[in-house]
Amino acid sequence: MNIGVIVPLSSYEHEFEQLNEFGISHCQFNAWDDSSFLTEELAVKVREKAKECGITITGVWRGWSGPKAWNFTEGPTTLGLVPKEYREARIADLKVGSDFAKVLGVEKVITHMGFLPEFPGDPEYPAIVEAIREVAEYCKERGQYLLFETGQETPVTLLRTIEAVGTGNLGINLDPANLILYGKANPVDALDVFGKYVMEVHGKDGRYPTTGSWLGEETRIGDGKVCFERLIPRLREVGFDGTIIIEREIAGEEQIRDIKYAKEFLERLIEASAPAND
């Protein structure tokens, strides 16, 4: 397994150089920006800067336009491809992300699909599945995988949706903290449900919600409820041998300290879980 960090488009040049200082050579590229910024010219610049710094971009995390409310009251009507009033524009946003990733030479496009309906008989569910299928087919034509980031749906609902879309190029970006922050599952147990689809992992931690309106609190890795001591060996058992991408959703010096801490924390666990012949 490798260790990486999320790098935002807004500061990629500085952050690629900073990764060298951290001794990290992998990243997930975060492209929340307006689609008009994600040009082929910019992708070429990012690709060349990554090459110059010896950074491997493992995936492109693509955001989408329109309102975003990261809570339980407004989130279901504002996030991802679920709200139909924003769906068409967001399909277009994700296709732009696919094109951008193609120029970068990256084969994984990642996003939140939104609060997928738990009830498969929900009248909106077929249209949501079709929207995801449209994006997935677009990615497939470009030799890419489309990855669901976990959090806003239960593991069974996520598995059901992957099966319903059925394009053969779907995967999961496992954010173990999100499963806890949204109160959806224990991430170690969730691997029993969808482990074979995990293609990227976020190294993030957090606590369960304590109200019915707001997500739980994100924490420094090791300070929350994600049991990485069990998660990493279980990831190996389900066949994952990719990159764990450190994510710390704060800014400034504390973020830098926590990223360095997370790197050492994860390195110890990866080494301890490695098969004897590695």
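Consider region 238-255 and keep the residues that are in contact with a helix residue (DSSP H, G or I) (Cβ under 8 Å, 6 or more places away or on another chain) and surrounded by fewer than 15 Cβ atoms within 10 Å (Cβ to Cβ). The one that is modelled with the lowest pLDDT is 250. Tell me, which residue of region 226-278 that is over 19 Å from the mean Cα position of the chain (by Cα) and among the hydroxyl-bearing types (Ser, Thr, Tyr) is farthest from residue 1 (Cα to Cα)? Per the criteria, the residue is 261.
Taken over region 169-207, the criterion of being among the β-branched types (Val, Ile, Thr) and either over 18 Å from residue 136 (Cβ atoms) or touching a His at 6+ places or on another chain (Cβ under 6 Å) (or both) is satisfied by 180, 188, 193, 201.
A Cβ distance below 6 Å, combined with a sequence gap of six or more or placement on separate chains, defines the contacts here; from region 35-63, residues that are over 11 Å from residue 9 (Cβ atoms) reach residues that are part of a loop (DSSP other than H, G, I, E, B) and not polar (S, T, N, Q) in the pairs 57/106. Pairs linking a residue in region 160-178 that is on the phi < 0 side of the Ramachandran plot to a residue that is in a strand (DSSP E or B) and small (Gly, Ala, Ser), with Cβ atoms under 6 Å and 6 or more positions apart or on different chains, are 177/206. For region 105-114, indicate whether the set of residues that are buried (at least 21 other Cβ atoms within 10 Å of the Cβ) and either aromatic (Phe, Trp, Tyr) or over 16 Å from the mean Cα position of the chain (by Cα) (or both) is non-empty. There is no residue in region 105-114 that is buried (at least 21 other Cβ atoms within 10 Å of the Cβ) and either aromatic (Phe, Trp, Tyr) or over 16 Å from the mean Cα position of the chain (by Cα) (or both).
When residue 96 is tested against (1) of a type in the set (A, V, I, L, M, F, W, C); (2) assigned to a strand (DSSP E or B); (3) more than 27 Å from residue 154 (Cβ to Cβ); (4) touching a Leu at 6+ places or on another chain (Cβ under 7 Å), just one condition goes unmet, and that condition is (2).
Determine if region 144-157 includes at least one residue that is at positive phi and in a loop (DSSP other than H, G, I, E, B). Yes: region 144-157 contains one or more residues that are at positive phi and in a loop (DSSP other than H, G, I, E, B). Of everything in region 145-181, what is crowded, with 22+ Cβ neighbours inside 10 Å and among the small types (Gly, Ala, Ser)? Give them in sequence order. 151, 177, listed by residue number.
Across region 1-41, the qualifying residues are those that are more than 17 Å from residue 264 (Cα to Cα) and hydrophobic (A, V, I, L, M, F, W, C), and the one among them that is nearest to the chain's Cα centre (by Cα) is 29. Test residue 128 against the criterion of being touching a Leu at 6+ places or on another chain (Cβ under 7 Å) and among the β-branched types (Val, Ile, Thr), and give yes or no. Yes: the conditions hold for residue 128.
The values are calculated or read from the model by the stated rules, or taken from the named source; none is laboratory data. Quick caveat, the model's predicted, so the values are computed rather than measured. Backbone-built Cβ (ideal geometry, glycine too); neighbour counts: all protein chains shown.
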